[in-house]
Amino acid sequence: AMVEIQAVEIITAVNEAWNAGDVDTLKALFAADAEVCFPDWGEECTSGAEEIGQWIEELVDLNFVIEPQSLEIEGGIVTAVAEVWADPSRAMEIAPLVTTDTYTLKDGQIITRLLRWTRNRPPSFQQRWKPLKSNGLQPP
């Protein structure tokens with residue numbers, strides 16, 4: 001179906017943009033009133049173009065490599081499993097992490113993205129990731 005083809009294209013574009021560090025493309029893929037949530041980090045959701053834009057700019061610096069593993073599409077909801085490398089997890093020698101993203105799509109953009117770690121997430125990961133994130137430190 002057309003919806004499924006478009007969904008695959010959007011998620012592929014998201015992954016390729018993270019891999020390329022392409023901030024402008026990433027921002028364009030999220031709707032103006034989009035929301036991104038990380039229940040595993042115990043943080044509030046990031047919402048709206050400005051907040052999501054800042055979040056993208058911070059995270060792009062962590063040199064993501066995303067390798068898609070599977071994609072399930074049901075209506076406008078896409079569940080994407082991927083192996084993910086980023087500087088904090090590389091520094092802790094726990095890369096790749098396996099993530100499950102649930103995207104809700106509408107009119108060719110992402111409205112919601114819910115991100116969960118599914119494997120290799122030691123209890124200390126959250127504590128160790130936060131200082132790296134807030135200090136902008138780059139592991140060697």
Only residues of the range 78-121 count here: report those whose backbone N is under 17 Å from the spot 7 Å along Cα→Cβ of K27, or say none. 110
Hypothetical label at I111: residues of the range 1-29 whose amide nitrogen lies under 17 Å (7 Å Cα-Cβ projection): 3-4, 6-8, 10-11, 29
How large is ³J(HN,Hα), in whole Hz, for each residue of the range 44-54 in order, when computed from phi with the Karplus curve 6.51 cos²θ - 1.76 cosθ + 1.60 and θ = phi - 60°, using x for Gly and Pro? 6, 6, 9, 9, x, 4, 5, 5, 5, x, 5
For the pair T118 and E9, the simple spin-label estimate (label points 7 Å beyond Cα toward Cβ) gives in nm 2.6 nm
For V14, V3, give me the order by solvent-accessible area with a 1.4 Å probe, most accessible first, ignoring ligands, DNA and RNA. V3, V14
For the range 11-88: accessible area per residue (Å², 1.4 Å): 48 Å²
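The values are calculated or read from the model by the stated rules, or taken from the named source; none is laboratory data. Owing to the predicted nature of the structure, the values given are computational and were not obtained by experimental measurement. Please note: Cβ atoms are built from the backbone with ideal geometry, for glycine as well, and neighbour counts cover all protein chains shown. These accessible areas exclude ligands, DNA and RNA; they are computed on the full protein's heavy atoms, side chains included. Shrake-Rupley method; radii C 1.70, N 1.55, O 1.52, S 1.80 Å.
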